[in-house]
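These notes concern the structure reproduced below.
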Amino acid sequence: MKFKKIISFALAAVLVLSMAGCKFSSPQNVMTIDGTEIPAGLYLVVQYQAYLNAMQQLEDSKANVLTSEIEGQKGSEWIHAKTLEDLKRYVYTEKQFAEKGLSFTEEEQNTMDTQVDQIWAYNEAVFTANGVGKESYRKSYESGQKYSKLLEAYGEDPANEVSDDDAKAYMNETYIRVQVLSLPLTGSDYDALPDDKAQLVRDRANEVDEALKSGKTLDEVGEDALKDVFEICEREYSENLLTNYMVKMFLSRQTESYPEEFLTAMFDAEVGDSRIDESSGIPMVYQKIENYESDEDFTENWREAVLDDIHGLAFTEEVEAAVAAYTVNENGSAVNTYSPSKIKTTVS
């Protein structure tokens, strides 16, 4: 389990990949980074990944990604900056992997080869149509795996050891754990409840919230409330449904699916405090609970994930500091030739 998605190398595999159209009479090297030449095929892989990343930043999926504003920049400029950033990481990864004498086992290499072959076979037409060779794609894919190896080695270095006390402190500063009871607002045919019945469900949610504020736990009152709501909804209840409607989860301050005001309130709350949120469209009762129940619980279930988080962030900072010193010499003509404006997301 990971608490959050640790920043990963942008050259990792993408299952559906299409690049800017080009012919190999065009410039073969687009730039040098810290003395390392970046060939066109690799540049296109990384630029396309940056293009996809840019698309994910848009609220309107139909908007023109190149002319839209992303983090204060024009989309095309953001894509170029992101491409440079990721190519710097590529160069860092290749150099560090060699300097540290790291390698893949035969099994790991075979697995990578198989994955590259499968992805290539599935996308060969679009790769070929866009001027990207299989070896260029292989380089980008394998570099992502090398980055993971470097991160693993960083975590195993005794110099980067993290004590349990520090790990617990980080966990408690960064995450909260909540138990959540979700109450449906649909009837037996899954159509929306009429207003009067929907209000009854909300009233039941308020009753649960009041019970929690008086010292009860969701484990004590949650199932009875869910049974009542299913009766209001005229839906059949069975015990196995409880695990679908009452769950435990971790939240961070950056959890995008929740309003900032709600997250702030939950982080500021004491263990046992509760709050109702309906931003998802249904009443959901949240109760803050301990991040871990005991030292044994922390060690057995959460310590490894917390260390992965800590090491991932620290390693990312180390990489960013190193690549900040890299010198980039761009071939302006090549950059223009491989403009993101030529990127295709589909190929007929």
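Under the criterion of Cα pairs below 8 Å and six or more residues apart, the relative contact order for the stretch 189-330 equals 21 percent. Heavy-atom accessible surface of the stretch 254-329, averaged per residue, reaches 54 Å², computed with a 1.4 Å probe.
Carbon-plus-sulfur accessible fraction, the chain (probe radius 1.4 Å, protein heavy atoms only): 45%.
In sequence order, the stretch 108-121 has phi-based couplings of 5, 5, 5, 5, 4, 4, 5, 5, 5, 4, 5, 5, 5, 4 Hz under the Karplus curve 6.51 cos²θ - 1.76 cosθ + 1.60, θ = phi - 60°, and Gly or Pro positions carry x. The slack in the chain from A159 to K344, taken as 0.36 nm per residue of separation less the alpha-carbon distance, amounts to 62.0 nm. A dipole drawn for the chain from +1 and -1 charges on Cβ atoms has a positive end, and of F230, Y258, S348 the residue lying farthest that way is S348.
Multiplying the sequence separation of Q109 and S257 by 0.36 nm and subtracting their Cα-Cα distance, what value in nm do you get? Value of the extension gain: 49.5 nm. Rounded to the nearest 20, the Cβ-based charge dipole of the stretch 192-239 about its Cα centre (Lys and Arg +1, Asp and Glu -1) stands at 160 debye.
The overall shape of the stretch 91-201, judged from the alpha-carbon gyration tensor, is oblate: a/c is not under 1.5, and a/b is no greater than b/c.
A crude spin-label estimate for the pair K100 and A305, with each label 7 Å from Cα along the Cβ direction, gives 2.4 nm. Couplings 3J(HN,Hα) of the stretch 83-100, computed from phi: 4, 4, 4, 6, 5, 4, 5, 4, 4, 4, 4, 4, 5, 5, 4, 6, 5, 8 Hz, in residue order, whole Hz [Karplus 6.51 cos²θ - 1.76 cosθ + 1.60, θ = phi - 60°; x for Gly and Pro].
When the charge dipole of the chain is built from unit charges on Cβ atoms (+1 for Lys and Arg, -1 for Asp and Glu) and taken about the Cα centre, the candidate among V30, N123, T327 whose Cα reaches farthest toward its positive end is V30.
For the stretch 334-343, 3J(HN,Hα) computed residue by residue from phi via the Karplus equation (6.51, -1.76, 1.60; θ = phi - 60°) reads 5, 4, 5, 4, 9, 4, x, 5, 8, 5 Hz, glycine and proline entered as x.
Is the C-alpha gyration tensor of the stretch 192-238 telling us rounded, prolate or oblate? Criteria: a/c under 1.5 is rounded; beyond that, a/b larger than b/c is prolate, otherwise oblate. Verdict is oblate for the stretch 192-238. The solvent-accessible area of S214, taken with every protein chain present and a 1.4 Å probe, is close to 90 Å². Using the alpha-carbon atoms, what tilt in degrees (0 to 90, nearest 10) does helix 164-174 show relative to the longest principal axis of the chain? In the chain, helix 164-174 runs at an angle near 80 degrees to the longest axis. Exceedance of the 22 Å cut-off in Cα-Cα distance is limited, within the set K146/K344; K95/K139; K82/K344; K62/K344; K74/K139; K95/K149, to K146/K344; K74/K139. May I ask for the angle, rounded to the nearest 10°, between helix 40-57 and the longest principal axis of the chain, with both axes built from Cα atoms and the value confined to 0 to 90°? For helix 40-57, the angle is close to 20 degrees.
The values are calculated or read from the model by the stated rules, or taken from the named source; none is laboratory data. Predicted model only: the values in this text are computed from it and were never measured. All Cβ positions, glycine included, derive from the backbone under ideal geometry; neighbour counts span all protein chains shown. Calculation scope for accessible area: heavy atoms of the full protein, side chains included, ligands and nucleic acids excluded. Shrake-Rupley method; radii C 1.70, N 1.55, O 1.52, S 1.80 Å.
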